[in-house]
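See below for the structure under consideration.
The values are calculated or read from the model by the stated rules, or taken from the named source; none is laboratory data. The structure displayed is predicted, hence computed values, not measured ones. Neighbour counts run over all protein chains shown; Cβ positions are idealised from the backbone, glycine included.
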Amino acid sequence: MPDPILAAEAVTAGYVPDLPILKNVSLAARTGQITLIIGPNGAGKSTLIKAVAGLVHINSGRILVAGREITGQSADRLASNGIAYVPQNNNIFRSLTIEQNLTLAARRAPAQTGVPLESLYAQFPALADKRRDKAGTLSGGQRQFLAIAMALAAAPRLILMDEPSAGLSPKAAQEVLEHARTLTAEGVSILLVEQNVNQAMRLADHCYIFAEGRNQLDGPAAELLNDPVVGEIYLGGRRVGAA
Amino acid sequence: MQNLIDGILTGSYISLGAIGLTLVMHILRFANFSHAELLSIGAYAALVCDALVSALTPAFAAKLGPLSLTWSLMAAIVVSMIFTGLSAVVLDRLVFKRVREKGAELSMVFASFGMALVIRNVIGLIFGLSPELYSKDIAFAVVLSRDPLLLVKPDQVFVLLAALLLMLILHLILSRTTFGFSLRAVAENPALAQVNGVNLNRTIMAVWLIGGALAAAAGVFYGLSHQIIPVMGRDLVLPIFAATIVGGIGSVYGAVLGGFIVGIAANMSVLVLPAGYTPSIPFLLILAVLIMRPHGLFGEARA
């Protein structure tokens, strides 16, 4: 089994010092895999991702990327060191053109490791056609692809994705999630938070289930997908695999 | 027509002041009432530097063609822009950064009020309260036409062209360089800018530098067309705020347009109102814009 690219050890974190959202969470994401986090609203899924990205203060515990501790590093430093974060909302700069968004995103990579814009355009042809347009004019699905392209621009080792399919049409959601799968084939690791449990679980390698700021259960996604207990307890009493 | 020409000239330095204010207000999310004092700092810094340069190298004290401007004052403008930009950074480090880390937006506004009074009075203590001029010579206006009578001073033409040049440079930086993209990115969404590798503290410093430098130029240009007095910040704060709000907070192009609108409106108003009412025009513009377009002409609602 490959080494974990990301390890969270007993992390307690939150937006206000005395009100932790995450309570003593441990988690590992393996290289070249999609690690999925699901759970009800308010379970702390997004908070964990933000804590890894350096946007949420970590009260205790530590976070390691490829064996090196990154706890407490600033978000811009992490972004320059191979960790990309795709937020759920407002994940592109609407007032900049597509090309400007990508140029800015690529700049954070250390010299010579950045991805040429042309290869990003080759991967996302819809963006290439609109490179001179303001990003605010893109459709929901295209925005999500631009956000992912911005994450890829600095050739990251680990991409943190917060509900990339939220607000998209089922077709666009499917496209975005399937694209995530192709990325892992190139050695990128993904930590994915999704509400779109069904589709995401079919795609993911490993799955964690959060509730009330704690990590309740984890296992290979394929096994949890067919576990009736999971559906009943954590996913609103409906069996996950049944829909 | 004469009022329109004067209005455009007034607009050029109000715009320069408003650009800095709109950037700071948008990125740091507070109404900086001490911004106009940066114009005073710039004007006085240029005065001192001009005196120094012309005393050390008298050759530079020669006038440039028809302008009352000298080589030494040209050099002084550049030095003053750098000095004022750095002063703005120091001001942020000493005062605003500390308040920002502990207090709310409103504390920042009050702090900026306080800073405005402190700066204004320190300048008064050092330089005295009487007006100063860059040149004691009387600058003769050039007659553009006799009927209707249109007069333009060569200095005014210089001010307008220099202001437009500075705006063009800023436009190129914002639209062509990755540094410009990062400034706009921080203005739109600071957290997203950070996860795209933009260092927030460095960007904030750059904003103060740019805002201070443009304010210094505006201060010198104001001094060239009027006079340099310690309370010039008090007289300019309102038109600059009006320009910022009319243009839409955060929009550089809005600030430019707002500056010209405020300048022209104030100068045109004497045609219909007694001159004593001119200072009320910026207020009326703010009111009109807030009622009809609360985000300003170019502004956007915050994400």
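Listed values, structure above:
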item	result
Per-region count, region A:194-220, residues in a loop (DSSP other than H, G, I, E, B) and over 13 Å from A:T35 (Cα atoms)	4
Counted residues, region A:10-31 - those being in contact (Cβ under 8 Å) with a residue 40 or more places away in the chain and buried (at least 16 other Cβ atoms within 10 Å of the Cβ)	13
All positions within region B:185-207 that are aliphatic (A, V, I, L, M), assigned to a helix (DSSP H, G or I) and facing chain A (nearest Cβ under 10 Å)	B:A185, B:V186, B:A187, B:A191, B:L192, B:A193, B:V195, B:L200
Some residue of region A:115-126 being among the aromatic types (F, W, Y), in contact (Cβ under 8 Å) with a residue 40 or more places away in the chain and either more than 14 Å from every other protein chain (Cβ to nearest Cβ) or closer than 25 Å to B:H26 by Cβ (or both)	no
Complete set of residues in region A:82-114 that are among the polar types (S, T, N, Q) and more than 7 Å from every other protein chain (Cβ to nearest Cβ)	A:Q88, A:N89, A:T97, A:N101, A:Q112, A:T113
Any hit, region B:202-210, residues being modelled with pLDDT of 95 or more, buried (at least 20 other Cβ atoms within 10 Å of the Cβ) and in contact with a Phe, Trp or Tyr (Cβ under 6 Å, 6 or more places away or on another chain)	no
Residues that are hydrophobic (A, V, I, L, M, F, W, C), more than 7 Å from every other protein chain (Cβ to nearest Cβ) and farther than 18 Å from B:V78 by Cβ, drawn from region B:173-184	B:L174, B:F179, B:L183
Failed condition for B:L106, given (1) at pLDDT 90 or above; (2) part of a helix (DSSP H, G or I); (3) closer than 21 Å to B:H26 by Cα	(1)
Residue in region B:127-141 that is of a type outside the set (D, E, K, R) and assigned to a helix (DSSP H, G or I) present	yes
Filter pass, B:A217 being within 14 Å of chain A (Cβ to nearest Cβ) and of a type in the set (G, A, S)	no
From B:I261, B:I291, B:I249, residue being of a type in the set (A, V, I, L, M), assigned to a helix (DSSP H, G or I) and in contact with a Gly (Cβ under 8 Å, 6 or more places away or on another chain)	B:I261
Region A:52-81, subset at the interface with chain B (Cβ under 9 Å from one of its Cβ atoms) and aliphatic (A, V, I, L, M), residue nearest to the chain's Cα centre (by Cα)	A:A53
